[in-house]
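Bear in mind these aren't lab numbers, they're just calculated from the coordinates by the rules spelled out. No experiment lies behind these values; they were computed from the predicted model shown. Here Cβ is always computed from backbone atoms with ideal geometry, including for glycine, and neighbour counts include all displayed protein chains.
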Amino acid sequence: MPLQSLFTQQVDELRGFLRSSRQPLGILTVAGELRGLVLRLLARLDADESFPHVLLGNDVAFVGTSPYFTALSEQLAEEYQKHLGTLPQAELREISGSEFQPEPSAQRRFVALLTRIVEQLPHEIRSLVLVLSPVRVEDPQAYRAAMQELAQQTLNRRIRYLVFDDQKNPQLAGLPAESSRVRALRFDFEPSAIEQQLQADLRAPGVLGATERQQYASMLAGFSFSKGDYSTALSLYQQNLALLPSTAGSQAAAILYNIGNTYVASGQLALAEQSYARAVDLCVDHQQNGLLALVLINLGQCLQRLQRSEEAIRCLTVARDSCARQGSPVLEAQALGALAELHAQAKRPKEARACLQDCMTLFDKITSPAFADLRAAGRAEVLANLAKLPPEHG
């Protein structure tokens, strides 16, 4: 992967950390906008047959030490069961979480479970590496203490953790200096350097295969979109679309969705509608139900801006039903919020209120502590929109 050459020193340092027998926890300090790129780089390493480690990613939010490690244990057990027996030359046995209950804390139970799993892996797998990238940290002090304790508690030399830290708002800074069992790993390239390397690789003849060209063009389109350079983003997305074989319908749907979003951002709503409509057809043909809901919501909002309210309502109603079938309450609430806005604009306060009340019911059903802020923000927005409606009579 040519882009990987930009990270040669960091990748070499990472490999050295994974070979180490002294430090189980490495802190990856990365600029927030580059986190996705580093995760893709790690995925490429994991896919390399010569890479002697197994990487498992997790982005569960840190809302407290006990709920965090409980969630990690649950997801780790799921991953283990999902891949049970698929690892080469492995004679894996079922693992029961009950045997770890005597452990005094959720964190120690997690380490015990992880240790038990590692003991079942074939010897050619040098280590199991958990890549921890919390989407949110609500208690930075507890998080820092939990990571330090995790490094101290993990004694099996085949267990490693790669923990992301934000370069602009570091929460684990200084931890390697405080603990001999923690190492600092820094991926400190500026986004502009990544963008320049992507451009250079795309220009160089024979450097990239067809799949890599598509991946690089998509990443570069994302950089262009984030800077507001919509014409460049559109050109790159359209080039990608043209390169796809006719059988790659699901990939085409995702690209068309991005094209639609880019047209909306640049104010070209009619063209956005066309792109979304094509994406809908492909999602239906290839049973891309998760993407279908997103496309329908954006299409409905696009039709709303085109002042085609009744079509927008029908589209958003289908989107809402699709989200409900998939059990996606957050997306369903988004569709309901857009529907409520349309009904309110059409002077149908009763219908708008019904949508908002359904939306409130969805947020009330979100009870996980990990999504407490999402629930609170959603409820606040619904209450504010309800207050804008005329009072009910009778």
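Test of understanding: ordering S246, S275, S224 by Cβ neighbours within 10 Å, fewest first, what list do you get?
Details: S246 6, S275 28, S224 20.
Starting with the residue having the fewest Cβ neighbours, the order is S246, S224, S275.
Under the shape rule built on the C-alpha gyration tensor, where the axes satisfy a ≥ b ≥ c, the stretch 142-241 is prolate, since a/c reaches at least 1.5 and a/b is greater than b/c.
With 0.36 nm allotted per residue and the present C-alpha distance subtracted, the A242-R44 stretch has 68.8 nm of extension available. For K168, the lysines whose Cα falls under 20 Å of its own Cα, not counting residues fewer than eight places away in the same chain, are K227. For a straight C-alpha distance cut-off of 26 angstrom, the lysines reachable from K388 (same-chain residues fewer than eight places away being disregarded) are K347, K350, K365. Ranking of L34, L155 by neighbouring Cβ atoms within 10 Å, starting from the fewest: L155, L34.
With the gyration tensor restricted to C-alpha atoms of the chain, the semi-axes of the equivalent ellipsoid amount to 40, 29, 20 Å, longest first. Computed over the chain, the per-residue total of -39500 (n - 2.57) for DSSP H runs of n ≥ 4 gives a 222 nm mean residue ellipticity of -20000 deg cm²/dmol, rounded to 500. Of D48, D358, the sequence from fewest to most neighbouring Cβ atoms within 10 angstrom is D48, D358. Out of T361, T29, T65, any idea which swings most in a Gaussian network model of the chain, alpha carbons joined below 10 Å? In the Gaussian network model the winner is T361. A Gaussian network model of the chain, with springs between Cα atoms under 10 Å, assigns the largest mean-square fluctuation among A272, A221, A193 to A193. Against the chain, whose longest principal axis is taken from its Cα atoms, helix 65-82 shows a tilt of about 90°. Structure remark: mean-square fluctuation, Gaussian network model of the chain, C-alpha springs under 10 Å; the largest value among R203, R15, R144 belongs to R203.
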